[in-house]
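Taken together, the values in this text are just the output of simple stated rules run on the coordinates, not laboratory data. For clarity, every value in this text was computed on a predicted model and none was experimentally measured. FYI the Cβ positions are ideal-geometry reconstructions off the backbone, even for glycines, and counts take in every protein chain you see.
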Amino acid sequence: MKIDQQYLKDLLIAFEDTDGPDTMLDDLATASFNSDDPVFIFHMRLLYDNGLIVRVDGKAGFGHEMSRALGEGVSYYWIDTPLRLTARGHDFIADLRQQEVWQTIKTNFKDEGISTLMGLSKSLAMGFAKKKVKDITGLDID
């Protein structure tokens, strides 16, 4: 399965837009995400793998568990556990929310992996910020 950059951005925004410090599966469902959708599970795994979301209780995983029953094979189920967007997750979505950054990524970096997207978005955001400082103050900050 390939990364859907728009889906990933929307999922991060859904985490950021919750009312409290924690995000529950129901909060994501309210934002129109279906927890049984393989696309949702795939992108949640990417967020977790890259340290963008964590469980509030500090335990490993993000609540999507696997079970093996003798003779029944493998099945998955959800534990409704509070999750939170990490500082790294907040930084990433803040970078992606910048229109210039998002447009550049969508136009020129459609097939990049998430770690590349994270690095690119940070570099682009910093570059646009430096340009803005120079435009406002005339100072080069490098």
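Miscellaneous remarks
- Within a Gaussian network of the chain (alpha carbon springs, distance under 10 Å), most fluctuating of N108, N34, N50: N108
- Considering only T86, T18, T116, the mean-square fluctuation computed in a Gaussian network model of the chain, springs between alpha carbons under 10 angstrom, is largest for T116.
- Rel. contact order, % - alpha carbon contacts under 8 angstrom, at least six apart, segment 5-136: 23
- Among S32, S115, S67, the largest mean-square fluctuation in a Gaussian network model of the chain, built with springs joining Cα atoms closer than 10 Å, belongs to S67.
- The ranking of L85, L117 from fewest to most other beta carbons within 10 Å of each one's beta carbon is L117, L85.
- The trypsin sites (Lys or Arg not before Pro) of segment 15-95 meeting both criteria, a DSSP state outside H, G, I, E and B (loop) and at most 12 other C-beta atoms within 10 angstrom of the site's C-beta, are K59.
- Within-12-Å neighbourhood charge of E100 [Cβ basis; K, R +1; D, E -1]: +3
- Translational D in µm²/s for the chain (Stokes-Einstein at 37 °C, 0.692 mPa s, Kirkwood Rh from C-alpha pairs): 197
- Expected 222 nm ellipticity per residue - DSSP helices of 4 or more, -39500 (n - 2.57), all of the chain, to 500: -16500 deg cm²/dmol
- Of the cross-linked pairs K106/K131; K2/K122; K2/K130; K2/K132; K9/K131; K9/K134, those separated by over 27 Å at the C-alpha level are K2/K130; K2/K132; K9/K134.
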